[in-house]
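The values are calculated or read from the model by the stated rules, or taken from the named source; none is laboratory data. All figures in this text were calculated on a predicted structure; none of them were measured in a lab. All Cβ positions, even for glycine, are placed from backbone atoms using ideal geometry, and neighbour counts span all protein chains on display. In case anyone asks, the SASA skips ligands and DNA or RNA and just uses the protein heavy atoms, side chains included. Shrake-Rupley method; radii C 1.70, N 1.55, O 1.52, S 1.80 Å.
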Amino acid sequence: MESNKILNIIIPVLNEEKRLENGIRGAMAFLREAKIPHIISIVDNGSSDSTQEIAKSLCEELNTNTLEIISHLEYLRLEERGVGLALRTVITHNAKRSKPCGFIGYMDIDLSTDIKHLQEVYENLSKGVEIIVGSRLLKDSVVIGRSLKREILSRTLNLILKIALKAKFSDAMCGFKFYQSQVALNLKNLCNDDKRWFYCTQMLVIAQYHNIPIKEIAVKWEDESTDSKVRIFSLSCIYLSEIWRLFKLLRLKK
């Protein structure tokens, strides 16, 4: 198997002892059945529960299987929090492999975005699509169980992105984004070192600024979580401040 056909999936986690095992087993089972060669990188942003023990146990168990396709699970421990930090770390980590994976991206451990969309992602990347992202706001998207508060917040922040940064993509906050690995590495080197949620949006904005095409796909998204760690008010403040900072940065570059 050529390494440039392997999909490196980053799954950031923080105190996910309740959802980690089911999420990883579900993802790997689908990828193996679909015959998508993959490396799943569990990136632990400093969990204090049993996330680390569960992750290491899964690595020992699931990596003993001999399959026709490459199917590997790895665990990386970071002592700082932040999805942005997890994403940046694995992009760099992948680039340093003796045979880097050709495709890279991230998704959430709760599998809120239907795992079956990975087939569409892989096919598009294999055809040369540079960036492909899931959207809950396209006409054919199906969203189940999302609160009205979250829906209003998401649409408002995406509208601000369109007005302030001329964003052409519809859903900056959907946790389902994938890249050609070299494209991701180039964007990482162009972005600042923000460690939080906005980093993933920043990559898309910078990509658009550099005329890198972004393909959006409609997704089925279901929120089954009752204990989300996302704090809506604080996240909104972070997004607004980062949008303003990026607006000023891009204006200076013109």
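Of all residues in the stretch 80-107, those that are of a type in the set (K, R) and surrounded by fewer than 21 Cβ atoms within 10 Å (Cβ to Cβ) have Cβ atoms under 7 Å from Cβ atoms of residues that are modelled with pLDDT of 95 or more and in a strand (DSSP E or B), 6 or more apart or on another chain, in R81/N45.
With respect to the stated conditions, E53 fails to be open to solvent by 40 Å² or more (accessible area, probe 1.4 Å), within 24 Å of I131 (Cβ to Cβ) and acidic (D, E).
Do you know which residues across the stretch 54-88 are under 28 Å from Y199 (Cβ atoms), in contact with a Ser or Thr (Cβ under 8 Å, 6 or more places away or on another chain) and at pLDDT below 95? Answer for the stretch 54-88, where residues must be under 28 Å from Y199 (Cβ atoms), in contact with a Ser or Thr (Cβ under 8 Å, 6 or more places away or on another chain) and at pLDDT below 95: there is none.
One line per residue, one yes/no per condition, for (1) closer than 19 Å to I212 by Cα; (2) in a helix (DSSP H, G or I):
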site: E80; (1), (2): no, no
site: N94; (1), (2): no, yes
site: S98; (1), (2): no, no
site: I104; (1), (2): yes, no
site: I132; (1), (2): yes, no
site: T156; (1), (2): no, yes
site: K162; (1), (2): yes, yes
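Would you check if I11 is under 24 Å from G134 (Cα atoms), in a strand (DSSP E or B) and open to solvent by less than 50 Å² (accessible area, probe 1.4 Å)? So I11 passes the test.
Condition first: of a type in the set (A, V, I, L, M) and open to solvent by 50 Å² or more (accessible area, probe 1.4 Å). Can you find one or more residues in the stretch 61-74 that meet it? For the stretch 61-74, residues of a type in the set (A, V, I, L, M) and open to solvent by 50 Å² or more (accessible area, probe 1.4 Å): present. Only one entry in A167, A207, A218, A184 is touching a residue at least 60 places away in the same chain (Cβ under 8 Å), buried (at least 19 other Cβ atoms within 10 Å of the Cβ) and over 15 Å from the mean Cα position of the chain (by Cα), namely A207. Scanning the stretch 29-41 for any residue that is farther than 18 Å from K116 by Cα and either part of a helix (DSSP H, G or I) or touching a residue at least 40 places away in the same chain (Cβ under 8 Å) (or both) turns up at least one such residue.
For the stretch 109-140, filtering for residues that are among the hydrophobic types (A, V, I, L, M, F, W, C) and open to solvent by 30 Å² or more (accessible area, probe 1.4 Å) leaves 4.
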